[in-house]
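The structure appears below as structure tokens.
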Amino acid sequence: MLKKILSLLAPAETTPNPDRIPLAAAVLLLEIAHADGDFSADEEKLIQEVLQQRFALNTEMCKELLQLAEDAKKHSSDLHQFTSLVNRHFSQPEKEEIIESFWHLAFADGRLDAHEEAMLRQLGSLIGLSHRQFIDAKIKVRNELSVKK
């Protein structure tokens, strides 16, 4: 398994391995879910839904991807390798969608932890979103979920 992780995390070639993009998204989602020190079943379910919908994965593929993402997360020293893939391969509207997914995850337990928000700020910046886009996504998701500040 470590060999597969290392191959997915290897420096990008001119033609990127398409498996690296879902892995990058999964790692970032897991980072947010773990940011407050509590990884709940609701957060895990939401991550699976986002990945299955976004990347057309079946349940088994999603479980395998999440296992690879957990391992990659443990063995990585920073988020740049993952955010750079999102930054290069997602359009601006897709980046806005993914930050909304990140906000849904942060609000999954009905409250926004300071560590989650700090992580989201960092990720928003690293994937090339403006502060306005970041805040608009937060407000949109908060309103959808009727979450109080």
If I build a Gaussian network model for the chain, linking alpha-carbon pairs within less than 10 angstrom, which residue out of A56, A33, A72 has the largest mean-square fluctuation? A56
Please express the Cα-Cα pair-distance distribution P(r) of the chain as a list of whole percents, one per 10 Å bin, running from 0 to the bin with the greatest distance. 11, 44, 36, 8, 1
Segment 116-148-segment 76-113 distance, computed between alpha-carbon centres (Å): 9
Using a basic spin-label model with each label point 7 Å from the Cα along Cα→Cβ, how many nm lie between Q133 and H115? 2.8
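Since every read-out is calculated from the coordinates, none of them should be taken as a lab result. Everything quoted here is computed from the prediction, not taken from an experiment. Heads up, the Cβs are rebuilt from the backbone with ideal geometry, glycines too, and the neighbour counts pull from every protein chain shown.
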